[in-house]
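Only one structure is covered here, and it is reproduced in the block below.
The values are calculated or read from the model by the stated rules, or taken from the named source; none is laboratory data. Note that the structure is predicted; figures quoted are calculated from it, not measured. Cβ sites come from the backbone with ideal geometry, for glycine too, and all protein chains shown count toward neighbours. Only protein heavy atoms, including side chains, enter the accessible area calculation; ligands, DNA and RNA are left aside. Shrake-Rupley method; radii C 1.70, N 1.55, O 1.52, S 1.80 Å.
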Amino acid sequence: MSQERAVPVSAVPLEEISSWPKELCRRELPSVLPRLLSMYQNSDGWIEHIQILKIIVEMFLPHMNHLTLEQTFFSQVLPKTVKLFDDMMYELTSQARGLSSQNLEIQTTLRNILQTMVQLLGALTGCVQHVCATQESVILENIHSLPSSVLRVIKSTFVHCKSQTFCKLFSRRPILFKSS
């Protein structure tokens, strides 16, 4: 633990960790990462998930060993991240069914869900950029959760958009034939 701090790392609030300089993040990585991962796994709210994920990706991922990314980070975080995205997609679809120009509450809810999804996608983008920027060769085995998770999110997004576009097209067309 750093001698600069009298408070143990386990008691440091997220807001303080998010303002740490790079050197402190690098030095405290072994003690802070397990806590952040535990908080991420035990968190229930979307906002808290995203906040923790962003701190890990932006502040601690750059200091992680590339050979152990899968074990120390990707395999522990990405499955829940994909589930979180799927849950948001479900909620988005469910809420959108009740959307009308008069329903401001649903519009606000949809906007908030979309903003949260954008933040989650930003964190996944940060993971991909980190791996792509690596000067060393990266063995797929050391990052195998990342490509599959990213592809699943991309597929889910396109399937959702295709489905919504298809539904909108056919809901606006006049009925040509009546079933008997």
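Worth a mention:
- You can think of it this way: the chain between Val118 and Lys162 has 14.0 nm of extra reach, that is 0.36 nm per residue less the Cα-Cα gap.
- Accessible surface for Lys155 stands near 140 Å², nearest 10, in the context of the full protein assembly shown (1.4 Å probe).
- Inter-label distance for His63 and Arg111, nm, one decimal - labels placed 7 Å from Cα along Cα-to-Cβ: 3.8 nm
- At R0 = 25 Å, FRET efficiency that the Cβ-Cβ distance of Tyr90 and Leu140 yields, to 0.05: 0.25
- By a 1.4 Å probe calculation restricted to protein chains, Asp87 has an accessible surface near 60 Å², given to the nearest 10.
- Along each principal axis, Cα extent of segment 12-55, largest first, Å: 30, 18, 15
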